[in-house]
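Colleague: The following block contains the structure, expressed as structure tokens.
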Amino acid sequence: MDRENFIQDIVTELMNRLKRDSNRVCVIGDLPEDNYSNQGIEFVTSASYSSDDDMILVTTMSPTMLANLANGMAKTREEEIILDRLLNGKKVFILEDAYEYQRYRRVAYKALFHLYQEYEMKLRNFGIQVIQDPVEIYKENVYYSKRQYQQFTDQTYKNGNDELNTIIGKVDWRKKHLLLEKDFMNSRLDRNRVVLITEDCIITPMARDYIREHQIHIERG
């Protein structure tokens with residue numbers, strides 16, 4: 001990479017970063033009462049949703065919305081946003097007390113309540129992640145923690161298969177001293193890939209966003 005292109009790439013990333021420094025979160029449901037502006041989080045409604053920049057946080061999910069999404073259907077603007085994001089392999093976050101069907105635990109017929117529990121599990125399998133606090137969205141390892149990764153690899157080898165390279169897939173970038181967002185975009189790395197880098201490799205903020213968004217695991221060494 002020549003010096004001029006290198007500088008241009010850095011400037012481009014900085015400009016893009018400045019555009020989304022506010023960490024916008026599109027809220028499906030009631031806006032959180034607590035103020036998270038001091039942590040750089042700006043809550044917006046679905047009317048202001050930007051598919052390129054915003055994270056999705058569901059604070060209220062009705063039984064109807066749950067049933068629709070679990071069956072791959074969208075009948076409202078909010079459901080369309082959630083479904084589109086999941087179809088594009090992106091995470092959607094939901095507060096642990098957002099599911100309204102839970103209110104009927106003691107009065108609903110058991111079979112019906114279990115059906116909605118199955119719907120909830122489906123959404124988890126589709127990519128919806130349960131969190132306790134909105135700020136968890138921006139924790140660096142919220143998508144794929146080291147513990148989860150280790151459990152996966154342990155299970156892989158326990159089964160007697162060398163599936164790590166085929167299921168996750170390793171990419172050796174240990175010759176790179178700087179990782180930019182465009183490195184990942186140009187390589188079109190899919191979900192759950194492992195990228196090997198050196199201990200002193202610098203990852204730009206935009207690249208970190210891409211890593212988090214696409215559940216890519218970074219392995220230094």
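Colleague: If you take the residues in the stretch 182-216 that are within 18 Å of Lys90 (Cα to Cα) and either among the hydroxyl-bearing types (Ser, Thr, Tyr) or not assigned by TED's automatic domain parsing to the domain that holds Lys170 (or both), which one is modelled with the highest pLDDT?
Modeller: Tyr210
Colleague: Give me the residue from the stretch 111-130 that is closer than 22 Å to Ile56 by Cβ and of a type outside the set (A, V, I, L, M, F, W, C) and, out of that set, surrounded by the fewest Cβ atoms within 10 Å (Cβ to Cβ).
Modeller: Only one residue tops the list, namely Asn125.
Colleague: Which of the residues spanning the stretch 77-122 are in contact (Cβ under 8 Å) with a residue 24 or more places away in the chain, among the β-branched types (Val, Ile, Thr) and not in a helix (DSSP H, G or I)?
Modeller: Once the filter is applied, which keeps residues that are in contact (Cβ under 8 Å) with a residue 24 or more places away in the chain, among the β-branched types (Val, Ile, Thr) and not in a helix (DSSP H, G or I), the stretch 77-122 yields Val92, Ile94.
Colleague: If you scan the stretch 169-221, which residues turn out to be closer than 19 Å to Gln129 by Cα, surrounded by 14 or more Cβ atoms within 10 Å (Cβ to Cβ) and among the acidic types (Asp, Glu)?
Modeller: Within the stretch 169-221, Asp209, Glu213 qualify.
Colleague: Is one or more of the residues making up the stretch 102-110 farther than 21 Å from Leu31 by Cβ, crowded, with 17+ Cβ neighbours inside 10 Å, in contact with a Phe, Trp or Tyr (Cβ under 8 Å, 6 or more places away or on another chain) and not assigned by TED's automatic domain parsing to the domain that holds Glu213?
Modeller: Within the stretch 102-110 (the criterion being farther than 21 Å from Leu31 by Cβ, crowded, with 17+ Cβ neighbours inside 10 Å, in contact with a Phe, Trp or Tyr (Cβ under 8 Å, 6 or more places away or on another chain) and not assigned by TED's automatic domain parsing to the domain that holds Glu213), the answer is no, since none of the residues qualifies.
Colleague: Out of (1) of a type in the set (Asp, Glu); (2) within 22 Å of Asp209 (Cβ to Cβ); (3) more than 15 Å from the chain's Cα centre (by Cα), what's the single condition that is false for Glu136?
Modeller: So Glu136 meets the others, but not (3).
Colleague: Could you please let me know if Glu33 is exposed (fewer than 12 other Cβ atoms within 10 Å of the Cβ), modelled with pLDDT under 85 and farther than 21 Å from Thr204 by Cβ?
Modeller: yes
Colleague: For the stretch 101-116, which residues satisfy the criterion of being farther than 16 Å from Thr64 by Cβ and either touching a strand residue (DSSP E or B) at 6+ places or on another chain (Cβ under 9 Å) or of a type outside the set (D, E, K, R) (or both)?
Modeller: Selection gives Val107, Tyr109, Ala111, His114.
The values are calculated or read from the model by the stated rules, or taken from the named source; none is laboratory data. Since this is a predicted model, take the numbers as computed values, not measurements. Using ideal geometry, Cβ is built from the backbone for each residue, glycine included, and neighbour counts are taken over all protein chains shown.
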